[in-house]
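Heads up: the structure comes next, in structure tokens.
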Amino acid sequence: MKKIVSKWPLLLITLDILGAIIAAIGILEFIENGSLNALLLIGAGLCSMLPLTLYILKLLPQTGTDRDKSEGEN
């Protein structure tokens, strides 16, 4: 069996944690005040969490694409 060693990028993990904190502050502020600034904090937090999500999705195997292409050609 092959052992898969994956090194997670520390910068993306740090950015994700920071984004989660910013989004949580935005949610708490939105519950308390309902201001536009809270929505901007939520959006900024979610946008800063996006790079790690895209990195993880890029690591996933893309199985089934060859099968779908061959079924469509018949």
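The values are calculated or read from the model by the stated rules, or taken from the named source; none is laboratory data. This structure is a prediction, so every number in the text was calculated from the model and none was measured. Every residue, glycine as well, gets a Cβ built from its backbone with ideal geometry; the counts of neighbours run over all protein chains shown.
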* Within the range 8-31, which residues are in contact with a Leu (Cβ under 6 Å, 6 or more places away or on another chain) and acidic (Asp, Glu)? -> 16
* Can you give me the number of residues within the range 17-39 that are without any contact (Cβ under 8 Å) to a residue 24 or more places away in the chain and surrounded by 12 or more Cβ atoms within 10 Å (Cβ to Cβ)? => 11
* Asked: What is the number of the single condition among (1) modelled with pLDDT under 90; (2) assigned to a helix (DSSP H, G or I) that residue 7 does not meet?
  -> (2)
